[in-house]
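Notes to accompany the following structure.
The values are calculated or read from the model by the stated rules, or taken from the named source; none is laboratory data. Bear in mind the structure is a predicted one, so any value in this text is a computation, not a measurement. Cβ coordinates were reconstructed from backbone atoms using ideal geometry, including for glycine residues, and neighbour counts include every protein chain displayed.
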Amino acid sequence: MDKRDPFRHNVLTSGHRACSGCGEAMAARMVSDLIGPDAIYINATGCLQVFTTHNQQSAWQAPWIHSVFANAAAVASGIEAALRIRGKETPIVVQAGDGGTFDIGLQCLSGMIERGHDILFVCYDNEAYMNTGVQRSSSTPHAVRTSTSPPGRLSQGKHQLKKDVISIMAAHHMPYAATATVAYFPDLKAKVEKAMTIKGPRFLQVLSPCPLGWVHDSALSVTVSRLAVETGLFPLVELEHGELTGVMRLAEQRPVDEYLRPQGRFKHLFNSKNGAIELRHLQALADARIRRYGLLDAETEWDTDRAMQSERHGRGGYCERRSHGS
Amino acid sequence: MKQLLEGSQAVAEAVRLCRPQVVAAYPITPQTHIIERLAQHVANGELDAEFINAESEFGAASIVLGAVAAGARAFTATASQGLLLMTEVLYNIAGLRLPVVMVCANRAIGAPINIFSDHQDSMAVRDAGWIQLYVGSNQEAVDTMVQAYRIAEACELPVMVCMDGFLLTHTFEPVVLPSQAEVDGYLPAFQFARTLDPARPMTLGGASEADNYQPYRVAQHDAMENVQAVIEAFDADYETQFGRTGGGLVQGYRLDGAITVVLCMGTLMGAVADAVDRQRDQGEAVGALRLRCFRPFPVQALLDHLKGVQRIIVLEKAISIGAGGIVAAELRAALQQAEMTIPVESVIGGLGGRDLTPAVIEAIFQQATDEKIDTLNRFAPDHRVNGEVQHG
């Protein structure tokens, strides 16, 4: 590849209809150009499918298929089986959002991994159903405002925690599962390239900011996704056959406040007493993830016990208190 | 040479002879014997295919979708709840114009859950854009399967071979299996013009807006209309080569001079033919018609067979809840369009495996003759009560 132009292939070419600052468009362009046009791409329903194939126009310069929302991993399984019996070794790449991965697509994805298909599944995780207008998904982090997890007198946004999908992937003992973001291109590149050298099912979760849904300036997508990593809320990790084999360590931990403030989806937490509780809880969650993956040399001064417990119970602090009637 | 084969075994052998390269399925009664046999063939090296154990029928349908798009002949089978779980993908396969072939081992739909045969499952997906061929015997299942791949691949339309659960899938009948060379001579090697291939990158399944969605649907509908001639031509070809017909679009039984005709689908024709024979022995001018091809709905072929008929009884093993008989409604519409005024009696029966015996069908003939069936929807009498034919 030409080092001066990492996007030489233009697998996802210009002229598509993504919003400005779209993290998913950035991520898909990076991933597909690293893999190149000599591959077959399968897309779940979602923003990427809609903004790249609008009305008989296609931005894809590689073979590309979209069937329905939930079945991308199964369609890919069939494609892989067909190529195997036909003696072809074309790489196969699934692209899906968090809805098509964490929620409606999880069953087909689990089947694909369990059967051991030779497929890279890439999840562009923008943490909600952005294509349908920012509804909550199981990937939406705790306390986030979406159109179906609105804050109100009885609520501080989403009650539950973000589903720990990378651990679910790792629990399949799949050859390779990793997280990445658009902010760290060399890291993303290394992970895509590594994934492409491995046979069998592989999974990549790419945090992809959505300015529309996260309610931040469209110029801040890279900054925000970097802060997600630097605060410890989104650890960059690699898992091989269920074992943690790599983490991106942090030179220092930045307070979650720096990540949350630029995003309107957390705005409600900054002007109420209960919001303040959730802010402390989100900080504790970040601390717990840092401890879990060993992202810092020194222990932080935060007491992470409550956050660890919260992770284990799979629900957030505020709704627990509500259920006790206080 | 005839062999004694269970329907599932027979149709699985026919599938093997068609050389599918990818077989994907999820177990469900009464379909399971079909894929078990294919799994064994793959395990024994007798069928060079990838056998994929899907995580659900939704996954199975999606796997064969992908396999065909990637240039492989594929097969799946299901029934009942499994077919309904596939529904979203069935529509998608048809919309993408992928030549997938599957078997539906017809079974009732819950609730209440019931494993026995009727046609409510495949009838529920009648608008999905699949050709639906209903077979009447294990031999027809074999012959129709071989024809199905040729039809699907020539027209880029998916085909559902519908065979009655248990009544065929679990019943042994003498069957002639064609040789591999014969099937290879009839069915060309798999070819699909829009195969996913980096050498010729194509986008399949993109979005469309209000201004250009409808033409796709019109094209699908036109293709389905045009496939009637193909089904007849390929069946005629088959008859020339194998000496047997799969049944064309519709198949008549003792229609000469028939005044009253029963129209049915699938294995029901066996009991109906027996009833027709007995009625004929008593001098009644009755006949029968079997709808082999339900989608596309072969209006002209039906009308051609109904010339001179004065009364039609549509006996069907499915119901559109709140509307009644499905085939009956479509036939009435076709007759009116053709300005043919033949009364159509709609009788629904056999739901969830309830027997429709020749005695029951004779009773229906009698009711029709006595004009006791009103022209709205009615249900077949129950054969079991006190050993007599009872209503209800």
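Couple of notes before you dig in:
- Which listed residue is in a loop (DSSP other than H, G, I, E, B), modelled with pLDDT of 95 or more and of a type in the set (A, V, I, L, M), from A:Ala190, A:Ala183, A:Ala178: A:Ala183
- Condition broken by A:His54, with the remaining ones in (1) more than 9 Å from chain B (Cβ to nearest Cβ); (2) in contact (Cβ under 8 Å) with a residue 24 or more places away in the chain; (3) surrounded by fewer than 19 Cβ atoms within 10 Å (Cβ to Cβ) satisfied: (1)
- Selection status of B:Ala105, surrounded by 24 or more Cβ atoms within 10 Å (Cβ to Cβ), under 29 Å from B:Ala189 (Cα atoms), touching a residue at least 60 places away in the same chain (Cβ under 8 Å) and small (Gly, Ala, Ser): yes
- Scanning segment B:19-42 for residues that are crowded, with 23+ Cβ neighbours inside 10 Å and over 18 Å from the mean Cα position of the chain (by Cα) yields B:Pro20, B:Val22, B:Val23, B:Ala24, B:Ala25, B:Tyr26, B:Ile35, B:Leu38.
- Enumeration of residues in segment B:197-228 that are within 8 Å of chain A (Cβ to nearest Cβ), in contact (Cβ under 8 Å) with a residue 12 or more places away in the chain and in contact with an Asp or Glu (Cβ under 8 Å, 6 or more places away or on another chain): none
- Checking A:Ile40 against (1) in contact with an Asp or Glu (Cβ under 7 Å, 6 or more places away or on another chain); (2) within 11 Å of another protein chain (Cβ to nearest Cβ), the condition it does not meet: (1)
- Selected residue (criterion: farthest from A:Val206 (Cα to Cα)) from residues of segment A:102-112 that are in a helix (DSSP H, G or I) and more than 7 Å from chain B (Cβ to nearest Cβ): A:Met112
- Taken over segment A:59-69, the criterion of being more than 7 Å from every other protein chain (Cβ to nearest Cβ) and buried (at least 24 other Cβ atoms within 10 Å of the Cβ) is satisfied by A:Ala59 alone.
- Applying the criterion of being without any contact (Cβ under 8 Å) to a residue 60 or more places away in the chain, more than 8 Å from chain B (Cβ to nearest Cβ) and of a type in the set (Gly, Ala, Ser) to the residues of segment A:74-101, the residue that is surrounded by the most Cβ atoms within 10 Å (Cβ to Cβ) is A:Gly100.
- Condition met for B:Leu133 (outside any strand (DSSP E or B) and among the aliphatic types (A, V, I, L, M)): no
- Selection of segment A:172-207 for residues being closer than 13 Å to A:Asp118 by Cβ and over 15 Å from the mean Cα position of the chain (by Cα) yields A:Met174, A:Pro175, A:Tyr176, A:Ala195, A:Met196, A:Thr197, A:Ile198, A:Lys199, A:Gly200, A:Pro201.
- Being within 15 Å of B:Gly252 (Cα to Cα), buried (at least 24 other Cβ atoms within 10 Å of the Cβ) and touching a Ser or Thr at 6+ places or on another chain (Cβ under 6 Å) is a property that does not hold for B:Val276.
- Extreme residue, surrounded by the fewest Cβ atoms within 10 Å (Cβ to Cβ), among residues of segment B:149-199 that are polar (S, T, N, Q) and under 18 Å from the mean Cα position of the chain (by Cα): B:Thr171
- Odd one out for B:Glu57, checked against (1) charged (D, E, K, R); (2) within 22 Å of B:Glu153 (Cα to Cα); (3) buried (at least 23 other Cβ atoms within 10 Å of the Cβ); (4) without any contact (Cβ under 8 Å) to a residue 40 or more places away in the chain: (2)
- If you go through segment A:92-109 and keep only what is touching a helix residue (DSSP H, G or I) at 6+ places or on another chain (Cβ under 8 Å) and more than 22 Å from A:Thr181 (Cα to Cα), you end up with A:Gln107, A:Cys108.
- Each residue in segment B:279-294 was checked for being outside any helix (DSSP H, G or I) and surrounded by fewer than 22 Cβ atoms within 10 Å (Cβ to Cβ), and 4 of them qualify.
- Among the residues listed as B:Ala285, B:Ala258, B:Ala275, B:Ala323, the single one being modelled with pLDDT under 95 and more than 21 Å from B:Met224 (Cβ to Cβ): B:Ala323
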